[in-house]
Amino acid sequence: MRDCIEKLPGAFFLSFPEKKDFLISEVAERFPHFSNPVFYGDLVYYPGAKVSFASVPNVEVSTVGAKAAGVSCGCASSTICEGDVAADGEPVAVEVPYWCATAMLEPKKVEFASIGEAARLLKEIQRNWGSYQFTQFRRAALIQEKLPYINTKEKQFPFTIPSSPIGLYTLLDSNHMVFSEKTSSSLPAGLFRFVEDHVNPPSRAYLKIQEALVRFAEFFGCDGSDTESSAKIGGTADARAGVVAREAGGTADGCNSLAGRGTERADSVIPKEGERCFDAGACPGGWTWVLRKLGCNVLAVDRAPLADSLMNDPCVSFMTHDAFTLKPQDLGFFDWVFSDVICYPERLYDWVLMWLESGMCRNMICTIKMQGATDWSLVKKFADIPNSKVVHLCYNKHELTWLHSGVAK
């Protein structure tokens, strides 16, 4: 049956739920050479797409190797750029689009005669397979039942995103499917959901910071290697030692953690008990609520007060102010600085640079809220900040999230 597998050119991009129009618009603006898309529900096939593995989480691509492979453009940079041309004259993409939950990087098509035959083909290639379907739902479910079990249940925060590879397959009709063992996400169809608390959080925005922290741990967290983890967290072993020292220092100001810990791997880099956090634009307090659950001391700043439970929390200091007009030197050092403020991305970028240049914070997580048409050149500025990552979260709306891991000067 493997002889019947047809390798397909290009790539398939699976959009986040209800974000297909955003994905199509992004590709048209950033990669206009990806023409003639074919639609299979939320799965969009671009036959002319050239996707670099530099876009896959936790995979680094040598800039020397990139240019040595024959990639060229008009700029002086040694890295692959949007609009670059490969040795064969075909354009090269820098990354998987932001509005893409996962991409089939090496797509193939195959005809199969039965449910069992389809399952056997996939199992012969690798163990883990996620499924996205726009048709033949029952038939796909029966195929999935014959594959090794994949946990798609709602997650408790915090948890660690798996590092093992997972493929993706989609039925085109009752006897044909497209699939790729290599994808851009190690999550089934690139998605997950949390078990929600419908009682205690002041707003559903708490889900966004939980996902942002899980993603932060995915990109910058410990992977079992002390050397690599220290480099990802701050760049040096000394910096990592400083983080460990803070972990061992206990809770400041007599504040106790409000929740137990999750997996060791996620906990190695997310906010910890006693760390100092700045929550800009905090009202009504969803992000502050999560940080207090982790045992942090929080300075929350907004023009409106937080929920009463947080206003009465001795480990939450509240300030009525425009958070973006406060100077880092007047507030002191923070382990974490957060912003979910509704503002123009240009203003957020200037604010971020002010904090980074001040040396008064270690890590930052900010929501980039789009105002009208997306300015992709500005998004690139966020992404180009050293030790940073820009992602679209499952719990984002018309937003991207900027993650930054670093050590204070």
Among residues of the stretch 35-56 being farther than 14 Å from Trp99 by Cα, modelled with pLDDT under 90 and of a type in the set (Ser, Thr, Tyr), the residue most open to solvent (accessible area, probe 1.4 Å) is Ser35
Could we say that Gly190 is modelled with pLDDT of 95 or more, open to solvent by less than 50 Å² (accessible area, probe 1.4 Å) and in contact with an Asp or Glu (Cβ under 8 Å, 6 or more places away or on another chain) here? no
If you go through the stretch 162-180 one residue at a time, how many are open to solvent by 40 Å² or more (accessible area, probe 1.4 Å) and over 18 Å from Glu111 (Cα atoms)? 4
Which numbered condition trips up Leu172, out of (1) in a strand (DSSP E or B); (2) at pLDDT below 95? (2)
Looking only at the stretch 120-138, which residues are open to solvent by less than 20 Å² (accessible area, probe 1.4 Å) and either closer than 14 Å to Pro188 by Cα or part of a strand (DSSP E or B) (or both)? Trp129, Gly130
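Just checking, which of Glu117, Glu95 is assigned to a loop (DSSP other than H, G, I, E, B), surrounded by 14 or more Cβ atoms within 10 Å (Cβ to Cβ) and in contact (Cβ under 8 Å) with a residue 12 or more places away in the chain?
So the residue among Glu117, Glu95 that is assigned to a loop (DSSP other than H, G, I, E, B), surrounded by 14 or more Cβ atoms within 10 Å (Cβ to Cβ) and in contact (Cβ under 8 Å) with a residue 12 or more places away in the chain is Glu95.
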Run Tyr206 past the list (1) among the hydroxyl-bearing types (Ser, Thr, Tyr); (2) surrounded by fewer than 20 Cβ atoms within 10 Å (Cβ to Cβ); (3) farther than 26 Å from Phe112 by Cα and report the number of the one that doesn't hold. (2)
Can you report the number of residues in the stretch 1-34 which are among the hydroxyl-bearing types (Ser, Thr, Tyr) and surrounded by 19 or more Cβ atoms within 10 Å (Cβ to Cβ)? 1
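Go through the stretch 265-379 and tell me which strands (runs of 3 or more DSSP E), entirely inside it, have 2 or more residues that are buried (at least 23 other Cβ atoms within 10 Å of the Cβ) and modelled with pLDDT of 95 or more. Break it down into steps so the answer makes sense when it comes.
Values: elements: 276-280, 297-302, 316-320, 334-339, 361-369.
In the stretch 265-379, the matching strands (runs of 3 or more DSSP E) lie at 276-280, 297-302, 334-339, 361-369.
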Residues being free of Cβ contacts under 8 Å to residues at least 60 places away in the same chain and either closer than 26 Å to Lys397 by Cα or among the hydroxyl-bearing types (Ser, Thr, Tyr) (or both) - total across the stretch 322-338: 4
Count, please, the residues in the stretch 139-161 that happen to be surrounded by 15 or more Cβ atoms within 10 Å (Cβ to Cβ) and either under 26 Å from the mean Cα position of the chain (by Cα) or among the polar types (S, T, N, Q) (or both). 9
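The values are calculated or read from the model by the stated rules, or taken from the named source; none is laboratory data. Since the structure is predicted, the reported quantities are computational estimates derived from the model, not experimental observations. Ideal geometry is used to build each Cβ from the backbone, glycine not excepted, and the neighbour counts take in all protein chains shown. Side chains are part of the model used for accessible areas, which takes the heavy atoms of the whole protein and leaves out ligands, DNA and RNA. Shrake-Rupley method; radii C 1.70, N 1.55, O 1.52, S 1.80 Å.
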